[in-house]
Amino acid sequence: MLKPNRLCSSHEIETIRTQDDVLEFVDRQAHMGGAVVEVGCDRGGLTAQLAHLCRRLGKAMYVVDVCPEYLEIAKISIRAVTGDDHVLYYRGDLAGFVKKGVCAESPTLVLVDADHRYRGVVKDIQAIFAMKPKPYAAAFHDFSLRYSIRELQDVRVDKGVCGALDNAIYRPIGEVAGQGRTLRTTPGEDSHYHEPGTRDGVLLRVMKTTCARQVRLLGPADNPRLKASRTTTPARPLNAGLSSPARLARTPTQSGNAR
């Protein structure tokens, strides 16, 4: 049984392409902030790489997770490749992290790989926009993730992002489902799959994006119109740059003035 606040299984491990894209972005945009925040560390594979990069760049790193076991595993992974005197581990969700004002720096990037349900994604986005100072950018993993069983139909990172943001300037990152070896496009034993032709992550420029004033906190399983709609982003080359005005599609029930 999957816990509502933690959808963790082998499919959530970032593809090599996603890891490379995230690391490259932080390295190239290092001048745009003084820290990196990772929300949902799983077993610390990317966490350790980010910690090593942050040490080289002279940045602080914050690792946020609701699971103490994963935090401990991530700590071991980080210490295996670099010191962690520049790393702070926070047990809890992003909303609590922000409310307590743990991060004093303006982050270059907030990487979110936590609760993939619609409501959870919206909650994390609202926390990101409540950060003071705001981060330069945010990235979301498992943008292409889908489930074939009814009780997990609301696992839709893409719909959560589109429901919570207005005029989002974005670029897809990571592997394209169906064009690599990692992301399967047909349901397996645990019913998960990735939508063909869709990348497994998305990168948003927070400082150029508006958080919707009103968000309908319903998942696809609760709302027939959400369930029937498709909200995906076209694949764009990684070198397109965040300044290129690609925008996320929005469904009528996910608009800022939804009632």
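Divide the volume of the convex hull around the Cα atoms of the range 91-184 by the residue count and you get 121 Å³ per residue.
Here the extension length gained between Val102 and Asp190 equals 28.1 nm, from 0.36 nm per residue of separation less the Cα-Cα distance.
Label separation (Asp166 vs Arg43): 4.3 nm, computed from points 7 Å beyond Cα along the C-beta direction.
Show log10 I(q)/I(0) for the range 173-215 at q = 0.33 Å⁻¹, two decimals, from a solvent-free Debye sum over equal Cα scatterers. Values, matching the q order: -1.13.
Read the figures in this text as sums done on the coordinates, not as results from a lab. No experiment lies behind these values; they were computed from the predicted model shown. Reconstructed Cβ throughout: ideal geometry from the backbone, glycine too, with neighbour counts over all protein chains shown.
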